[in-house]
Amino acid sequence: MKLTPDQQAMLDGEQGWPLQIAMQMLTAVGAALDATDMIPVTSTHLVIDGTALGEAGRDFLERLVDEGGRFAIPASINAIAVDRTKADMSTEEHDQIRMLQACEKMGALPSCSCNPFIQGILPTFGEHVAWSESATAPFVNSVLGARTNREGATAVASALTGLAPRCGMHLDKNRHGEILLRVETDISGVDQFSLLGALAGRLAGDRIPVLDGIATTPSTDEYVAFGAAFAIHGAAAMFHVAGITPEAPDIGTAFGGAAPAEEFIIDEAAIAAEHAATANGTAGPVDVVSIGCPHASLDQLRDAEAMLKNGQASRDVTFYIHTNRSTWDAADAEGVIETLTGAGVSVTADNCAVVSYDRVPTGTRLATNSAKMALFARSVSDAEILFGTTADCIAAGITGTWGSGTGNSGTG
Ligand code: F3S
């Protein structure tokens, strides 16, 4: 890779260990992906989940601080594995807080959310950024028209240097659609966009899909639900919605003038099949309700409040709505948190039912409206999944039962 004299000096260690290790990471990735040089990036989003990074992650971040590492660009933080306000933390939870504090010392914003978009953290069209958390990349690239690869640990290196290798989604030629998904059924609500995202991700694999047939511009909540499920079921960092997303004013432009390599029809039966594949639980008692994956917006909290105004969560159910601290505070100022808490809901901040040291136990019967939560809970807690609309999940939280009125009653 061609490096400027300043970048070469960082790599040679002339500007300290943090910048040297960062440049070593970036040049290694760049060489593997045939990057010609580095591109300046204007923000990063960092994953510091302590359940994944452990003591080694804590030691690395603290050493960066001790050796003078400071972030060169704005950096937000993904969901962490503990609520920062929790009293009596375990050693691991305290380690998670130390990781967050290390990032804050280097200049990060402690946003602690897998849905930074509802916190107003929104790269603009054409901006080059370096964001980790796979689910954020499809939204950044597709909905906002900014440019990021699905970064991992390299996001910390980008935060320190303000650079990323010039490859992948930073290049025009890699942003065109590759397969066509003809959507021939009405899709609405976060649950259905989540199922559509899961199916689209699996059909696409590492190819960029163009969805045709979405008649109405999805809401931010629907896009976020789609993107999270899309990312966890596939490897692509972008999708297009013909006639709607900014780089797809029409199908021809979305494909860059080329023909799609493959076409698929997504009809009502395909969505029903995706639902059946997502939900492996049968009708009966519910242990946990989990809404807010990715973290719930203020609108979603208000909707839940309206649905729960005259209801009370069953004593037999742990009823979670996950969000981030800033949205929690905004909802609290409106009295929404008080109503939800009074109805027996635990509105969590910073973490969620599975990104937590206190994740749901093995075999939990978990009701959710999120295909991402469904997949995570199945893989980390061997959960039985009950999948439906937000209203289905709230009804199950109140009655303590997943039954005939709800999404996958008795289907197995
Ligand atoms: Fe966020 Fe947890 Fe879902 S971190 S994306 S709510 S699995």
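Going by what's in this entry, would residue 10 be described as out of contact with any His (no Cβ under 7 Å at 6 or more places or on another chain), assigned to a helix (DSSP H, G or I), buried (at least 17 other Cβ atoms within 10 Å of the Cβ) and in contact (Cβ under 8 Å) with a residue 12 or more places away in the chain?
Against the criterion (out of contact with any His (no Cβ under 7 Å at 6 or more places or on another chain), assigned to a helix (DSSP H, G or I), buried (at least 17 other Cβ atoms within 10 Å of the Cβ) and in contact (Cβ under 8 Å) with a residue 12 or more places away in the chain), residue 10 qualifies.
Do you know which residues across the range 270-286 are more than 27 Å from the chain's Cα centre (by Cα) and either polar (S, T, N, Q) or assigned by TED's automatic domain parsing to the domain that holds residue 232 (or both)?
Residue satisfying the conditions is 282 alone.
Select, from 392, 299, the only residue that is acidic (Asp, Glu), surrounded by fewer than 18 Cβ atoms within 10 Å (Cβ to Cβ) and within 24 Å of the chain's Cα centre (by Cα).
After ruling out the rest, the residue left standing is 299.
Residues being in a loop (DSSP other than H, G, I, E, B) and farther than 10 Å from residue 45 by Cβ: count how many of those fall in the range 106-150.
Number of matching residues: 18.
What tally of residues in the range 92-134 results from selecting those that are within 16 Å of the ligand (Cβ to nearest atom) and closer than 18 Å to residue 220 by Cα?
So the answer is 10.
Which members of the range 121-142 meet the condition of being under 16 Å from residue 209 (Cα atoms) and touching a strand residue (DSSP E or B) at 6+ places or on another chain (Cβ under 9 Å)?
137, 140, 141, 142
Taking residue 276, is it surrounded by fewer than 19 Cβ atoms within 10 Å (Cβ to Cβ), in contact (Cβ under 8 Å) with a residue 60 or more places away in the chain and under 14 Å from residue 191 (Cα atoms)?
Here the answer is yes, as residue 276 does meet what is asked.
For residue 237, indicate whether it is part of a loop (DSSP other than H, G, I, E, B), under 30 Å from residue 8 (Cα atoms) and small (Gly, Ala, Ser).
yes
Quick check on residue 63: is it closer than 20 Å to residue 158 by Cβ and among the basic types (Lys, Arg)?
For residue 63, the condition - closer than 20 Å to residue 158 by Cβ and among the basic types (Lys, Arg) - is met.
Just to be sure I understand the filter: pairs with C-beta atoms under 7 Å, separated by 6 or more residues or on different chains, first member in the range 36-55 and over 15 Å from residue 166 (Cα atoms) and touching a residue at least 24 places away in the same chain (Cβ under 8 Å), second member of a type in the set (D, E, K, R) and assigned to a loop (DSSP other than H, G, I, E, B). Which pairs pass?
What qualifies is 45/133; 47/133.
Residue 242 passes all but one of (1) closer than 23 Å to residue 118 by Cβ; (2) buried (at least 23 other Cβ atoms within 10 Å of the Cβ); (3) away from the ligand (no atom under 16 Å from the Cβ); which number fails?
Status for residue 242: all satisfied but (1).
Counting only residues that are more than 10 Å from the ligand (Cβ to nearest atom) and over 15 Å from residue 279 (Cβ atoms), which one in the range 354-378 is surrounded by the fewest Cβ atoms within 10 Å (Cβ to Cβ)?
My answer is 362.
Go through the range 289-382 and tell me which strands (runs of 3 or more DSSP E), entirely inside it, have 2 or more residues that are under 22 Å from residue 220 (Cβ atoms).
In the range 289-382, 318-323, 345-349 are the strands (runs of 3 or more DSSP E) which contain 2 or more residues that are under 22 Å from residue 220 (Cβ atoms).
From the list 142, 132, pick out the single residue that is within 25 Å of residue 48 (Cα to Cα) and either in the same structural domain as residue 372 (by TED's automatic domain parsing) or modelled with pLDDT under 95 (or both).
132
Is at least one residue of the range 338-349 within 12 Å of the ligand (Cβ to nearest atom), touching a residue at least 24 places away in the same chain (Cβ under 8 Å) and either among the charged types (D, E, K, R) or in the same structural domain as residue 308 (by TED's automatic domain parsing) (or both)?
Within the range 338-349, one or more residues are within 12 Å of the ligand (Cβ to nearest atom), touching a residue at least 24 places away in the same chain (Cβ under 8 Å) and either among the charged types (D, E, K, R) or in the same structural domain as residue 308 (by TED's automatic domain parsing) (or both).
Can you find a residue in the range 246-265 that is under 23 Å from residue 229 (Cα atoms), in a loop (DSSP other than H, G, I, E, B), within 16 Å of the ligand (Cβ to nearest atom) and of a type in the set (Gly, Ala, Ser)?
no
Residue by residue, here is whether (1) crowded, with 18+ Cβ neighbours inside 10 Å; (2) assigned to a loop (DSSP other than H, G, I, E, B); (3) aliphatic (A, V, I, L, M) holds:
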{"site": "60", "(1), (2), (3)": "no, no, no"}
{"site": "86", "(1), (2), (3)": "no, yes, no"}
{"site": "95", "(1), (2), (3)": "yes, no, no"}
{"site": "104", "(1), (2), (3)": "no, no, no"}
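The values are calculated or read from the model by the stated rules, or taken from the named source; none is laboratory data. Because the structure is predicted, anything quoted here is derived from the model rather than measured. Don't worry about glycine lacking a Cβ; one is built from the backbone with ideal geometry, like all the others, and counts go over all protein chains shown.
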